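This report refers to the structure that appears directly beneath it.
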Amino acid sequence: MTTVSETAHAGATHDDHDGHGDAHPSFLQHHFDTPAQQFAASKLGMWVFIATEILMFGGLFCAYAITRALEPQVYDQSHHFLNKILGATNTIVLLFSSLTAALAVRSAQVGKRNETSIYLVITILCACVFLVVKYFEYSHKFHLGLLPGHCFGHPGLSASVLPNGQEVGTCLRMGANPDSVTPLWVRAIDESGHEQLLPPRANMFFALYFVMTGLHGLHVIIGMSILTWVLIKNQQGKFSKAYFTPVDLGALYWHLVDLVWIYLFPLLYLVGKPE
Amino acid sequence: MSSNASAEAHISSGDGNVHVHIASVPFYVGIFVALVFLTVLTVAVSYFDFGAANTVVAMLIATAKASLVATFFMHLRYDSLFNTLCFLAAFVFLAIFILITYDDLGHRGEVDPDYGGTVMPQTGVAAPGSMPATSATANETTGEGPPAAGSGEKK
Amino acid sequence: MAAVDIPMAPVAHAPHAHGDPDANYLTATRGIGSWLTTVDHKRIGLMYLFMVCLAFLAGGIFALLVRLELFTRGKTIMDAETYNRFFTLHGAIMVFLFIIPSIPAALGNFFLPIMIGAKDVAFPRINLLSYYIYLVGAAVALTSIVMGSVDTGWTFYTPYSLQTANSVISMTFGVFILGFSSILTGLNFIVTVHTMRAPGITWTRMPLFVWGMYATALIQVLATPVLAITLLLLIAERFFGIGIFDPKLGGDPVLFQHFFWFYSHPAVYIMIVPGMAIVSELIATFTRRAIFGQFAIAMSSIALAVLGFLVWGHHLFAAGMSEYATMIFSALTFLVAIPSGVKVFNWTATIYKGSVVWASPMLYAMAFIFLFTIGGLTGLFLGTLSVDIHLTDTYFVVAHFHYVMMGGTVIGFLGGLLYWWPKMTGKMHDEVKAKIGFVFVFVGFNTVFIPQFIMGSRGMPRRYYDYLPQFEPFHKASTIGSWILATGLFLTAYTLLEALWKGKKAPRNPWGSAGYEWMTDTPPCLANFHGSPVFTRGPYDYHLATPEELSTDDVLPADATKTGGANPKAGSGAAKDK
């Protein structure tokens, strides 16, 4: 019994189709046999990639869980420093952009080129709105000095001592011997302009806030770039009912960005304990 | 054709071309409305204090939203099952990582019967350098115990 | 039903620019540009092979220098600070630039598509991208050398890695980039195995090398992202002083170790599973038998992949983890030894009463079983909590992981290279030189590392620049062993390179194997097979293979349909491929 029965071709194609008479489509890459195989492979590849992104962001969620367990009081007070309404607005904006991304895919699936472009444009605009809101949030924090690590500290506040004798610093490394292992309580100014006293390791909350939302923001920018590229290709007429894979994959990436925010939002913005 | 038949089962009707389930516009809008509702809900709920359940409630609502996005916007409902498996597998391994690491931190400094001391970081009780003297740590040449307990680490 | 040929429209198909699909892949297109822009998995595999061998050379030189320094007590050729940098470089280069990409990216890229009857991997352009990402990552990591060099050990433990010289950031950022190369390779393999198997290659018939690559790919995809975030957090901590890993700022240094080892333990399975996968292939071929318990070995690869994610804490036993967690991890570590045991027993059962051919790849396969068993068993010693208290951070650990990584993976890699060299290059190497090289490698390797087991158990700590007088004879023996080992490795490299110039033309199937990759041309044509293959037997079914398929003479062309008469359905079988 022969192992391998090969269709012998003298230097001809390396693609075989069963006899349904379709010309070899231009979007079909040479190592795939059928568009369905190519589509299935592309989707699976995207999902494997999404799994890797979940694990990467997941590491940050682990850091979040650990630091929150180490210093729960900081998180309880976090609502002083993060604007829930801005966060919720961003959430709705991203959810809406997810809707328009899904609709863009749908339009591509039915072959409506212009509709696809319109939905893609709306999605990209929503992403811009998200980034603008983020810009306002970040700049407010810079202004208040709520920055990670060495940079934490408001210029207007000074070190002092609490009634119970504990030292207070405006920066975790100021106001005490820098080699001391004693983390200090910290004074900070909150969203509404009031002075707040934060327990040690407060800096870690803001550090995680910036790292998590910053990495997410980077993915928003990447997602916008991908969708812009898809938009350009769509305008060039590259997609059709038979081939809309890049639109689908671009939208999948965008949905991933939305998914991460769905978890970031409650964990960072909604976790404070109202007094 | 050289391909994994099951990967294509949801996509092709056998002619090699791509066939997918196409949902309607109202359907997608309906999912969006549900997502907005859940967002409003999670913000509203955050104004109340349920103690330790706060995070659980928030995570449940977030998971509901994520499920809607993944199942319908990302078409997992109509795709090959293996794609869903990839998605869920990531969460499973993430859960293993977070839970065991968290568990380690939760059990740090539990009483070691040989030493009789604790080092719980959260309560700030005596650090390793300040454990009571035992015969295991006694100074052999002078017969004295180890140095007296220092102040250890303040919280 | 006849297969219908659909000619490809030239304008739409870049592959035509890459040459005639039926031509030899090495000569189909010419010029260095055609290599640098190739999307052919075979060429990409060779380019990776070249780079990982360079990395092995670099890491090996650092190893020789480290061992030379340890030849005598006190300073031999370098001061302590340099010594710290050299062993860090040895570790980082060997782990990230050599061993993790070695088998998957070089041999896996080359042979995985062929062994499932595909024309290429699922995403050839991403394959090329992963290669360039590797180059960039390697370059960034190596700039750390000129910027002051890291001295933390390849594990970058905090808090020292937060306090030491600047180039931690360039090294860790380089490794971060390298991680993406690994992820993309794994992603490609998973999708390829799921969607591009030729008719007749069911999951149960899939060659064990492919199963091994698939299991490795699962680990690469799931574990490497966590390394990415770990390194990002480390860089952010160095840059901003975040405080998550720094005890002075209220952070937890053991948390860094949790993060780091959640990737790095599965990473060691990325290293060993491919080595085991090669050994399965070698043993089947050189005993001319089906592997005993083929599906069990396949499943054990998957089991290793999954269980490998549960045991990372065994690197933290003495680091300050809670006792409770140490007990859990120790129990799980014992569990993870079981799939490895399944493989070793099944290989042994295969060899028993097989007709063994002692070609050089088979020597490496046998060495693998012996050396990996030692490495694996000593791993169990280290997984035993009470014993680990004494053995952790000693040379015992160093010997253990070199037995599994070098005695395992590198031996497997060398065996695979010698086995597949004829297929990849079309030239036969000199078996005599290869066997002599093997003897030097085997004797040298054991001479390096057996003394390390002994001194480790007697208390010699690892990563130490200086040591007590009682350890000197062991260090001397170990260093002399390193010279013997180096000789063997250089001789083997020479043998392989010599074949390119002076080797005889290799037949299609020099080892008489029933494996699928031997059914192609030597070297394979650009599209791997002429047309779309259909497979009607398993890769180890020696009782079903025809004498022509197993022939070591170059009597027949790769197209087995021309054998005529062997399978009356051969004519219609080809057309049954839809």
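Can you work out which of the residues in the stretch A:83-113 that are of a type in the set (Val, Ile, Thr) and in a helix (DSSP H, G or I) is nearest to A:Trp261 (Cα to Cα)?
A:Thr91
What tally of residues in the stretch C:343-366 results from selecting those that are part of a helix (DSSP H, G or I) and open to solvent by 10 Å² or more (accessible area, probe 1.4 Å)?
Counting residues in the stretch C:343-366 that are part of a helix (DSSP H, G or I) and open to solvent by 10 Å² or more (accessible area, probe 1.4 Å) gives 8.
Please count how many residues of the stretch A:26-68 are open to solvent by 30 Å² or more (accessible area, probe 1.4 Å), part of a helix (DSSP H, G or I) and of a type in the set (A, V, I, L, M, F, W, C).
Counting residues in the stretch A:26-68 that are open to solvent by 30 Å² or more (accessible area, probe 1.4 Å), part of a helix (DSSP H, G or I) and of a type in the set (A, V, I, L, M, F, W, C) gives 2.
If A:Gly175 satisfies every condition in (1) open to solvent by less than 10 Å² (accessible area, probe 1.4 Å); (2) at positive phi; (3) modelled with pLDDT under 70 but one, which is the exception?
In the conditions (1) open to solvent by less than 10 Å² (accessible area, probe 1.4 Å); (2) at positive phi; (3) modelled with pLDDT under 70, A:Gly175 misses (1) alone.
On the basis of being over 17 Å from C:Ser102 (Cβ atoms) and either facing another protein chain (nearest Cβ under 7 Å) or out of contact with any helix residue (DSSP H, G or I) (no Cβ under 7 Å at 6 or more places or on another chain) (or both), does C:His265 make the cut?
no
Could you give every pair whose Cβ atoms fall below 9 Å, whose first residue belongs to the stretch C:419-441 and is within 14 Å of C:Lys505 (Cα to Cα) and open to solvent by 20 Å² or more (accessible area, probe 1.4 Å), and whose second residue is modelled with pLDDT of 95 or more and aromatic (Phe, Trp, Tyr), counting only separations of at least 6 or pairs across chains?
What qualifies is C:Lys427/C:Trp421; C:Met428/C:Trp421.
Would you mention how many residues in the stretch C:1-40 are at pLDDT 50 or above, in contact with a Gly (Cβ under 9 Å, 6 or more places away or on another chain) and either within 11 Å of chain A (Cβ to nearest Cβ) or on the phi > 0 side of the Ramachandran plot (or both)?
Count: 5.
Only one of these is surrounded by fewer than 19 Cβ atoms within 10 Å (Cβ to Cβ) and more than 9 Å from every other protein chain (Cβ to nearest Cβ): A:Leu82, A:Leu86. Name it.
Every option except A:Leu86 fails the conditions.
Out of curiosity, is B:Val92 more than 9 Å from chain A (Cβ to nearest Cβ) and of a type in the set (Val, Ile, Thr)?
So B:Val92 passes the test.
For the subset of the stretch C:111-130 comprising residues that are farther than 20 Å from C:Pro523 by Cβ and not in a helix (DSSP H, G or I), which member is farthest from the other protein chains (Cβ to nearest Cβ)?
C:Phe123
Taking the stretch C:168-196 as the search range and keeping residues that are more than 21 Å from the chain's Cα centre (by Cα), of a type in the set (A, V, I, L, M) and more than 9 Å from chain A (Cβ to nearest Cβ), which one is most open to solvent (accessible area, probe 1.4 Å)?
The qualifying residue most open to solvent (accessible area, probe 1.4 Å) is C:Ile169.
Look at B:Leu35 and say whether it is facing chain A (nearest Cβ under 7 Å) and of a type outside the set (Phe, Trp, Tyr).
Here the answer is yes, as B:Leu35 does meet what is asked.
If you scan the stretch C:197-254, which residues turn out to be open to solvent by 10 Å² or more (accessible area, probe 1.4 Å), more than 9 Å from every other protein chain (Cβ to nearest Cβ) and outside any helix (DSSP H, G or I)?
C:Thr202, C:Asp246
The values are calculated or read from the model by the stated rules, or taken from the named source; none is laboratory data. Just so it is clear, the model here is predicted, and its values are computed rather than measured. Every residue, glycine as well, gets a Cβ built from its backbone with ideal geometry; the counts of neighbours run over all protein chains shown. The area values use the complete protein model at the heavy-atom level, side chains included, leaving out ligands, DNA and RNA. Shrake-Rupley method; radii C 1.70, N 1.55, O 1.52, S 1.80 Å.
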